[in-house]
Amino acid sequence: MASRRGQKPQRKLPQRTCVVCRVEMPKRALMRIVRTPEGAVRVDPRGKLSGRGAYLCPREQCFRSRKAREKVAQALGIQIEEQTWERLQPELEELAALRAAELEQGGSGVPAQQFGGEDAEGG
Ligand SMILES: [Zn+2]
């Protein structure tokens, strides 16, 4: 009998799927959005908050898209108000920039902070 036991214990990075484009990426490359126990929705930069999570890839066409809010809401099993979603956007943008920098620099990067936003409030 020839038993095939060629399975090496290889360390696989945990993969997650972007809820918008369905592309699988290493968990660390994605952005996690969490539903807290109180039912609030938060961006989870470190991936450490407890609660149900949905992942978005750090591409504008994903996290900025209209579909994103629906898809995240669906994944979390809740409704997300547009207001709520809007409030998450700056955090997502910031996180996306971080992720992009990490990818480019292989993880040893200092986050370049650049805020170009003036007061966008209007009556
Ligand atoms: Zn995506």
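Work out the charge dipole of the stretch 15-102 with +1 on the Cβ of Lys and Arg and -1 on the Cβ of Asp and Glu about the Cα centre, then indicate which of Gln15, Gly53, Trp85 is farthest towards its positive end.
Gln15
Only Lys, Arg, Asp and Glu count, each charged at its Cβ (+1, +1, -1, -1), so figure out the dipole size of the stretch 15-102 about its Cα centre, rounded to 20 debye. Intermediate results must be reported in sequence, preceding the final value.
Values: 18 positive and 12 negative charges, 76 e Å.
Using Cβ point charges on Lys, Arg, Asp and Glu, the stretch 15-102 gives about 360 debye.
Where a ≥ b ≥ c are the square roots of the eigenvalues of the C-alpha gyration tensor, would you call the stretch 15-102 rounded, which needs a/c under 1.5, or, failing that, prolate if a/b is larger than b/c, or oblate? Walk me through the numbers before you get to the answer.
Details: a/c = 1.37, a/b = 1.26, b/c = 1.09.
Rounded, since a/c falls under 1.5.
Loop only per DSSP, at most 15 neighbouring Cβ atoms within 10 Å: give me the GluC sites (Glu not before Pro) in the stretch 57-88, ordered by residue number.
Numbers: sites: Glu60, Glu70, Glu81, Glu82, Glu86; in loops: Glu81.
Those satisfying the criteria are Glu81.
Quote the FRET efficiency, to the nearest 0.05, computed for Gln83 versus Arg59 with a Förster distance R0 of 25 Å and r equal to the Cβ-Cβ distance. Don't skip to the end; give the middle numbers.
On the way: r = 23 Å, r/R0 = 0.94.
My answer for the efficiency is 0.60.
Each reported figure results from applying straightforward, stated rules to the coordinates on display, with no laboratory input. Keep in mind that what you see is a predicted model, and the values were worked out from it rather than measured. Using ideal geometry, Cβ is built from the backbone for each residue, glycine included, and neighbour counts are taken over all protein chains shown.
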